[in-house]
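The structure appears right after this line, and notes come after that.
The values are calculated or read from the model by the stated rules, or taken from the named source; none is laboratory data. The structure presented is a predicted model; accordingly, all values stated were derived computationally and were not measured. In this analysis, Cβ positions are derived from the backbone assuming ideal geometry, glycine residues included, and neighbour counts consider all displayed protein chains. Side chains included, ligands, DNA and RNA excluded: accessible areas come from the protein's heavy atoms. Shrake-Rupley method; radii C 1.70, N 1.55, O 1.52, S 1.80 Å.
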Amino acid sequence: MEDNNLTPKCLSIRGKKIVVVDDHQYVLLAWGQLSQQSKNPLTLVSIDYHPDTNPPFWLYAYQKAIAINPDKEAVLVPGFQKKILATLNPQDLKTVEAAMKNMRNDEHINTAMELGYLTEYHMINCMEKHRYSRGHHYLVPESCFGSLEDRMFEESGFSMKAVIPDSIILDIDLDYFLGLKNFALDLNEHVVFKALVNQAQMITIARSESYFNYLKKEACTIAECENQLLKLLSRVLLY
C-alpha cells in the first residue's frame, strides 16, 4: 500500500499473529492472506461498537446509482456491486487491494464472506442485532458496553459452543472500549475472552480513532487503548 496510514502493523505476541490497522476494512487483506495459507474453514468473531456487516461495496454502488438515476437506485445498486466484485480474484490479493479505496469501514465482513475467506461470522456489537440469511449478531446490553467479562458474552447470547475450535479469527475494534478500565480483566474468573484469544489463528485490531474518540467515556488516547489491549493479549497468552 502506498499510503503509510493504511499499512497494517504486523506483530507477534508469544507466537500469535496480530495485525493492527487504522481503517477497519483493511483487515480484509490479512484475512485473505490467512485464508490462502489455511486448510481449514475460517470463522470470524468480531467485537465492535458497530455491526460492520453492510453488503460489499454498498455505499460505492449506491452513490453511483444515485448519480445516474435516483428513481432506479434499487435496480442499479446490485449491478454496480456485482461489477466491482467481479474485478476481485480471491486468490490474488492485489486485485482486492486495488478495490479497497471503494470499500467502507463497515463492508469488509460480508465482502470476506463473498470472497470465501470466511465461512461464518459472529458479530458482537452494541448497536444492532441484525437477522440476515447468514452470519450471527449478538447485541451487547448497555450495562456491558466495553466489557470483556463473561457476563457480556452471556447476556449478548454468544457462547464458545457456537464456534469450531482453532478456526477462529478474533477481530477487535478499539471503539468498543469506553476506557482503560475495560482491560483490567480477571483471567481466573473470565474464561470466554481467554478462550477466544488462545484459539484464534489470528487477531486483527482496528484503531478507528475518530469513532473511539467520540464514544470513549474516559480521558485516554487511542495509543493508550491500543497499548492496554496488547498488554492484555500478552497476559492472556502467558496465562
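Descending by average beta-carbon neighbour count within 10 Å, the peptides 110-116, 159-165, 23-29 line up as 23-29, 110-116, 159-165, the highest first. Computed from point charges on the beta carbon alone (+1 for Lys and Arg, -1 for Asp and Glu), the dipole magnitude for the stretch 70-134 about its Cα centre is near 80 Debye. Accessible area per residue for the stretch 115-239, computed on protein heavy atoms with a 1.4 Å probe, is 45 Å². A simple charge model with +1 on the Cβ of Lys and Arg, -1 on the Cβ of Asp and Glu and nothing else charged puts the dipole of the chain at about 520 debye relative to its Cα centre. Computed from backbone phi with θ = phi - 60° and the Karplus coefficients 6.51, -1.76 and 1.60, the 3J(HN,Hα) list for the stretch 12-25 is 10, 10, 6, x, 8, 6, 10, 10, 10, 10, 7, 9, 4, 4 Hz; x is used for glycine and proline. In this structure the amide hydrogen of TYR138, modeled in the peptide plane, comes within under 5 Å of the amide hydrogens of MET123, ILE124, ASN125, none closer than 5 places in sequence on its chain. Dividing the mean sequence gap of close Cα pairs (under 8 Å, 6+ apart) by how many residues the chain holds gives a relative contact order of 25 percent. With an a/c value of 1.5 or above and a/b larger than b/c for the gyration tensor axes a ≥ b ≥ c computed over the alpha-carbon atoms, the stretch 9-93 is described as prolate. Shown for the chain: the carbon plus sulfur share of the solvent-accessible area, taken with all protein chains present and a 1.4 angstrom probe, equals 49%. Here the chain carries DSSP beta bridges of which approximately 15% are antiparallel, counting only pairs with both residues inside. Peptides 221-230, 39-48, 180-189 ranked from most to least packed, by the mean per-residue count of other Cβ atoms within 10 Å: 39-48, 221-230, 180-189. Projecting the Cα atoms of TRP31, TYR176, LEU215 onto the charge dipole of the chain, computed from C-beta unit charges around the Cα centre, puts TRP31 farthest toward the positive end. Against the compact-protein benchmark of 2.2 N^0.38 Å, the Cα-based radius of gyration of the chain scales to 1.01. Distance from the alpha carbon centroid of the stretch 144-188 to that of the stretch 14-51 works out to 16 angstrom. Backbone amide hydrogens, once placed in the peptide plane, bring MET202 within less than 5 Å of LEU170, excluding anything fewer than 5 places away on its chain.
The charge dipole of the stretch 1-138, taken about the Cα centre with unit charges on the Cβ atoms of Lys, Arg (+1) and Asp, Glu (-1), comes to about 400 debye, rounded to the nearest 20.
Highest-first packing order for the peptide set 124-132, 82-90 is 124-132, 82-90, based on the mean count of other beta carbon atoms within 10 Å.
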